[in-house]
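Below is one structure, written out as structure tokens, with a few remarks after it.
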Amino acid sequence: MSDQNESIHGIWTSRWVFILAATGSAVGLGNIWKFPYITGENGGGAFVLIYLVCIVLIGIPILMVETMLGRRGRKSPINAMSHLIAEAKARPWWKIIGYSGTLAGFLILSYYSVIAGWALYYGIGMVQGQFAGLGAIEVQAVFDGLVASPYTLLAYHTLFMVMTMGVLARGVNKGIGKAVSFLMPCLFILLAILLAYSFSTGRMMDAAEFMFSFDVSKLSKDSILVAMGHAFFTLSLGMGAIMVYGAYMPQNASIASTALTVGFFDTLVALIAGLCIFPIVYKFNLDMSSSDAGLLFRTLPIAFAQMEAGMFFGAVFFLLVTFAAWSSAISLIEPVVAWLVESGHSRVKASIVSGVLCWFVGIGTLLSFNEWSGIEYQLQGKTFFAWIEYITANFMLPLGGVFMAIFAGWVMKDTKVMKELKMESEAMYVVFRVIIRIVAPIAVLVVIVNALK
Ligand code: TRP
């Protein structure tokens, strides 16, 4: 099956569609809220520098590994791994990479869809002008009211799931390819509109100072871990989303330069997002003490409620969040859909079955915010939602990434890896090899051990 320019699911019409799809997967809540925030918290410019080193040194090499495994296997992560294992005559338990990654994507989507539903709800609310003129307390009450209502959450979770599965049902090029070719340019335009607004607040310099001032005293030893964990998360590594997109990549496209482009766009969006959000935070004196999604949904809307044309900018902002989440969501469950298609089901049926199952698991998450939030429903102090999030983000994704790197570095034949990557320079290849064999596995294991403490 090696060196073929075919998969039963189709091949992207060009290298650029892969770049858009992978960037679509990578750009998500992680870029829009998490990155700007952790940057500010960890000493700005110094942290950005460490983060960039982590992206280049660990993120991009593992991104290359995932793409390479997918393209060589030319199938869903489960079957691609089986093929590569047979090719390398490796032990069958390596198959766990495919299964655990596919399961991780499914589990992540079950809660991602609930949160994306919030963005949909806010976007629609802004368009209707529901937030106009509200004060801080009323805006927060909207959020509290939303998460307290299982039926409202269910409606938006269902809508988002239908949007996601609708794209997948149409196939690789007609569905995913078309969707990302529309969503990603829109996302950049929406970002540009917000950036223009943020310049007009007159607080851009404060934002830039918060994000880029070189305050080494704020760097802690945890900063490196935060940067490394985030590099991994923001590039969507470790579960097979990039692998399955790699399976549809044209054979002659260069994996290294493509991976660099995806890493570049992902970082660009993260930096611009910070420069959009912080001027607003400063201008409206918002409290930025909570670093989680709550800030996006509880605090930022206060500014939109009060600013001139706030409903317009609010709608733009939440449309942006929705689009970012949408293009990530389709990559989360494509490994399941592709695997079902390979088992003989039609794409439409595969999308419906996996979508309904994932929707059902998501109900556990939406109840975690209301009916099941009580202590009697928790296990070790964590709700259903918190458990899924904790296990996938801290263990399944990083472990998946380590095993992929070890498989490509130690198990696969050197010549096959090199051929698939088509790296021009021998020296670069040697560096790449040292990274995936030694540096990346050790770095990621340190992150995991630290998450356990
Ligand atoms: N990269 C996404 C973000 O920055 C989140 C994410 C992590 C993800 N792993 C993923 C998205 C796998 C899709 C697939 O928000």
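The values are calculated or read from the model by the stated rules, or taken from the named source; none is laboratory data. Worth saying up front: this structure is predicted, and the values here are computed from it rather than measured. Glycine also receives a Cβ, built like all others from the backbone with ideal geometry; neighbour counts cover every protein chain displayed.
Output yes when any residue across the range 364-371 is in a helix (DSSP H, G or I), under 17 Å from THR164 (Cα atoms) and touching a Pro at 6+ places or on another chain (Cβ under 9 Å), and no when none is.
There is no residue in the range 364-371 that is in a helix (DSSP H, G or I), under 17 Å from THR164 (Cα atoms) and touching a Pro at 6+ places or on another chain (Cβ under 9 Å).
Need pairs with beta-carbon distance below 7 Å; first residue among the aromatic types (Phe, Trp, Tyr) and within the range 390-419, second within 16 Å of the ligand (Cβ to nearest atom) and at pLDDT 90 or above; sequence gap 6+ or separate chains.
PHE403/ILE97; PHE407/ILE97
Looking at ILE280, is it within 16 Å of the ligand (Cβ to nearest atom) and either without any contact (Cβ under 8 Å) to a residue 12 or more places away in the chain or among the β-branched types (Val, Ile, Thr) (or both)?
Answer is no for this residue.
Looking only at the range 340-350, decide whether some residue is surrounded by fewer than 19 Cβ atoms within 10 Å (Cβ to Cβ) and at positive phi.
Yes, because at least one residue in the range 340-350 is surrounded by fewer than 19 Cβ atoms within 10 Å (Cβ to Cβ) and at positive phi.
Which residue out of PHE278, PHE265 is surrounded by 24 or more Cβ atoms within 10 Å (Cβ to Cβ) and more than 24 Å from VAL417 (Cβ to Cβ)?
Residue meeting the stated conditions: PHE278.
Return the total of residues in the range 1-34 being more than 16 Å from the ligand (Cβ to nearest atom), in contact (Cβ under 8 Å) with a residue 60 or more places away in the chain and either assigned to a helix (DSSP H, G or I) or not hydroxyl-bearing (Ser, Thr, Tyr) (or both).
12
Which of the residues spanning the range 38-53 are buried (at least 23 other Cβ atoms within 10 Å of the Cβ) and within 16 Å of the ligand (Cβ to nearest atom)?
Within the range 38-53, THR39, TYR51 meet the criteria.
Condition first: of a type in the set (Val, Ile, Thr) and closer than 20 Å to HIS9 by Cβ. Now tell me which residues in the range 42-97 satisfy that.
Listed by number, the residues that qualify are THR67, ILE78, ILE97.
What is the one condition in (1) more than 16 Å from the ligand (Cβ to nearest atom); (2) of a type outside the set (Phe, Trp, Tyr); (3) within 21 Å of ILE255 (Cα to Cα); (4) modelled with pLDDT of 95 or more that VAL56 does not satisfy?
(4)
Is one or more of the residues making up the range 243-258 more than 16 Å from the ligand (Cβ to nearest atom), under 16 Å from LEU52 (Cβ atoms) and modelled with pLDDT under 95?
no
Give me the pairs, please: first residue somewhere in the range 299-328 and surrounded by fewer than 23 Cβ atoms within 10 Å (Cβ to Cβ), second residue anywhere and part of a loop (DSSP other than H, G, I, E, B) and among the polar types (S, T, N, Q), beta-carbon distance under 8 Å, and either six or more positions apart or on two chains.
THR299/SER290
From the list GLY44, GLY24, exactly one residue is modelled with pLDDT under 95 and among the small types (Gly, Ala, Ser). Which is it?
Only one candidate passes the filter, namely GLY44.
Counting residues that are surrounded by fewer than 14 Cβ atoms within 10 Å (Cβ to Cβ), which helices (runs of 4 or more DSSP H) fully inside the range 391-453 reach at least 2?
In the range 391-453, 414-421, 426-434, 440-452 are the helices (runs of 4 or more DSSP H) which contain 2 or more residues that are surrounded by fewer than 14 Cβ atoms within 10 Å (Cβ to Cβ).
Name the single residue that is farthest from VAL139 (Cα to Cα) among those in the range 283-299 being at pLDDT 75 or above and either within 21 Å of the chain's Cα centre (by Cα) or of a type in the set (Ser, Thr, Tyr) (or both).
LEU296
If you scan the range 75-106, which residues turn out to be touching a Gly at 6+ places or on another chain (Cβ under 9 Å) and outside any helix (DSSP H, G or I)?
The one that is touching a Gly at 6+ places or on another chain (Cβ under 9 Å) and outside any helix (DSSP H, G or I): SER76.
Kindly evaluate ASP266 against the criterion of being away from the ligand (no atom under 16 Å from the Cβ), charged (D, E, K, R) and touching a residue at least 12 places away in the same chain (Cβ under 8 Å).
When the stated conditions are applied, ASP266 does not pass them.
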